[in-house]
Structures are given as C-alpha cells and as structure tokens.
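Beneath this line is the structure, given in structure tokens, with notes to follow.
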Amino acid sequence: MNRNLLIVCLLGAITILLGAFGAHSLQKVLSALELKSFETAVRYQMYHVLMLLFVNSFAKISERNKNRITLIVLLGIGCFSGSIYAITFGVSAKQIWFVTPLGGMLLFIGWIYLGFSLFRSYKM
C-alpha cells in the first residue's frame with residue numbers, strides 16, 4: 001500500500017469517528033445550527049476521502065499528479081473541515097474567517113486538477 005492510501009484510509013477512519021462523535025455526543029452540547037455545520041464538515045471530509053481513494057487506487061494518472069492532487073485535497077480538507085470544527089468548538093469565526101473559503105478553493109482546485117489529469121491521460 002502506498003503512503004497516500006495509508007494516509008487516506010487513516011483520514012477515513014478519523015472521519016467515521018468524528019461522525020459518530022457528532023451524532024452521539026454533541027447533540028446535547030451544540031445548537032442545531034452548530035450541529036448542522038459540524039455534519040457538513042464531516043460530510044465534505046468523507047466525500048473527499050472517497051475521492052482520494054479513487055485517485056490513489058484507480059485513476060490512470062501519473063504518480064506525480066496523484067501526489068499533487070492528494071496534497072491539495074488534504075490541505076483543502078484541513079482548511080475547510082478543520083476550520084468548521086474549530087468554529088464549532090469555540091474558535092471565533094472572525095479570527096479564521098478566511099480559512100474555510102481557502103479550503104473550499106483548494107478542494108475545487110483538486111477536482112479541476114483531477115479532471116485535467118484524467119482528460120490528458122485518456123487523450124494520449
């Protein structure tokens with residue numbers, strides 16, 4: 001198993017734990033809006049874990065592009081979901097207002113990079 005797959009599988013496991021924690025432990029602590037934000041962060045994290053599993057397992061693209069896409073998306077998950085988790089647990093949104101959109105942009109770039117990589121690999 002390559003390093004990217006190991007990292008992605010560990011992130012998937014963490015995502016499951018976060019989802020379970022949110023569903024079973026945070027309902028009495030967070031408001032409905034805060035819980036919804038937390039669930040959004042978990043959901044987007046899992047979507048991108050699945051994307052990275054595809055990229056690193058099945059995509060017929062170069063290892064260099066797999067590594068770049070993985071790095072971009074991992075940074076995107078960290079910024080997007082990580083900032084939502086931080087805000088949920090009390091960090092002021094005013095302090096990190098720019099991190100969530102930065103994460104979203106990194107996720108977007110990761111998808112675009114994947115699309116171009118796939119297009120180029122099948123065009124040749």
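Coordinate-derived values only; no laboratory data. Since this is a predicted model, take the numbers as computed values, not measurements. Cβ sites come from the backbone with ideal geometry, for glycine too, and all protein chains shown count toward neighbours.
Structure notes:
- Ordering K66, K36 by the number of other Cβ atoms within 10 Å of each residue's own Cβ, fewest first, gives K36, K66.
- Sites matching chymotrypsin sites (Phe, Trp or Tyr not before Pro) across the stretch 17-124 that sit in DSSP coil, with at most 16 neighbouring C-beta atoms within 10 Å: F58, F89, W97, F98
- Over every Cα atom in the stretch 49-109, the radius of gyration and the widest Cα-Cα span, Dmax, amount to 13.6, 42 Å.
- The ranking of M51, M105 from fewest to most other beta carbons within 10 Å of each one's beta carbon is M105, M51.
- Segment E34-F108, extension gain: residue separation times 0.36 nm, minus the distance between their alpha carbons: 24.2 nm
- Relative contact order, whole percent, for the chain stands at 27, derived from Cα pairs under 8 Å and 6 or more residues apart.
- Counting every alpha-carbon pair across the chain, the share separated by more than 17 Å comes to 58%.
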